[in-house]
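Written out below as C-alpha cells is the structure these notes cover.
The values are calculated or read from the model by the stated rules, or taken from the named source; none is laboratory data. These figures come from a predicted structure and were not determined experimentally. Cβ placement follows ideal geometry from the backbone for every residue including glycine, while neighbour counts extend to all protein chains displayed.
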Amino acid sequence: MQDYQAVLEYIAEAVEPSFGKGKVADYIPALARVPASKFGMAVQLPTGESFSVGDAAEPFSIQSISKLFVLELAMSHFGDMVWTRVGKEPSGDRFNSMIKLEMEHGVPRNPFINPGALATLDLLMGLKGDTKHRIRNFLRYLAMNDAVDVDETVMMSELGHSDLNRAMAHLMKSYGNVEMDVDTLLETYCFQCAMTMSCKDLALAGLPLATGGYSSVHDGTILSAAQAKRINAVMLTCGMYDSVGSFAYRVGVPAKSGVGGGILAVIPGKMSVAVWSPELDQFGNSYVGTAALEMFTSMTHTGIF
C-alpha cells in the first residue's frame, strides 16, 4: 500500500520554493489578512483512514468550494431539474464575468462560476425551511464536525463588496432565472462562501464523490451514483475557473477551488484530497496548492488519465 503520509511530508517540503509566487486574495478585505505562508494537505480514504500534513486542521474560508456542496444539495432535492437553470459548459471567462450571461439570456454556463452558483442557490432557496441552516447542517454532516460554521467577519466583508454579484443576480432576475429577493439571495450566498472548514474537513466532505455517492464512513447515501458521476464531470471541466484545461493537464482529477486558497480534489474510486495555501495564481486558484496536487497525483499515479 502507498505510504500517503510519507508522500504528504515530502510534498510539504518540496513546495517551499513555490511560496511567494502567488498573491493572497485582497478584493475581500478579510481574506487579505490571512498569512500567505499557511499550507495544509489532507487525504481521506474510503476505509476511514486519513493522512495530513502542515496546517491541515486549521479552518479557513472555503469560498467557492461551497458551490460544490450547494450543487450537491440542489441535485439531491431536484435531480436533473438543476440543469434547466444552469449549464454544464466551461465559461472561458473569469468566475465573476457578466459577458456571456447577458449574451445567453441570463442562463449561466455552469454552477461553479458566480452567476451559476447564484442560480443554483436560488433554486435551493425555493425549499421550505432556512437555507442557511440547511447548508451549514449539510457541511457539518459531510465533515462529521459540528464546529463547522460561518465566519461572520468574512461574510460581512464579502457582503460589503458584492456589487458585481448583485448586478448579476438582478440581470438573471430580469430574465426570470432568479426568483428570490436579490438582497436575501446575496446574503445567503455570502453566508455559504464564508463557511470555514479545514483540509481534514474538506477531504472527508468530498469522500462521497469519490465513492459513487455512498460513503461507508458516513454510513449513508449522499448522492446517487449517477449524480456523483455528473458532478465529478462538471468539476473536471468547470471547477477551476478559467484554467480548467491547465489544471487537468497538470493534475488530472476533478477539483473545485476557492479564493480562500483551498482546493478539494476527487480521485474517483480511490480517495479525496484537500489542500490549502492562500496565495493565488492569476486565475484565482491556489498557486502552491496546485503544485502540491500535481506532485501528489504524479507520485501516487492517481490521475484519471
Filter result for Met168 (over 18 Å from Asn145 (Cα atoms), touching a Pro at 6+ places or on another chain (Cβ under 8 Å) and surrounded by 24 or more Cβ atoms within 10 Å (Cβ to Cβ)): yes
Residue in segment 148-171 that is touching a Lys or Arg at 6+ places or on another chain (Cβ under 6 Å) and part of a loop (DSSP other than H, G, I, E, B) present: yes
Residue match in segment 238-258 (condition: within 20 Å of Leu73 (Cα to Cα) and part of a helix (DSSP H, G or I)): yes
Residue match in segment 59-67 (condition: over 15 Å from the mean Cα position of the chain (by Cα) and among the polar types (S, T, N, Q)): no
Among the residues listed as Gly220, Gly206, the single one being touching a strand residue (DSSP E or B) at 6+ places or on another chain (Cβ under 8 Å), in the same structural domain as Val266 (by TED's automatic domain parsing) and at pLDDT below 95: Gly220
Residue match in segment 286-297 (condition: modelled with pLDDT of 95 or more, under 23 Å from Ala143 (Cβ atoms) and assigned to a strand (DSSP E or B)): yes
Hey, Thr153 surrounded by 16 or more Cβ atoms within 10 Å (Cβ to Cβ), of a type in the set (S, T, N, Q) and farther than 29 Å from Ile267 by Cα or not: no
Close pairs from segment 161-187: first within 18 Å of Ile135 (Cβ to Cβ), partner assigned to a loop (DSSP other than H, G, I, E, B), Cβ under 6 Å, at least 6 apart: Ala169/Val178; Met180/Met125; Leu186/Ser162
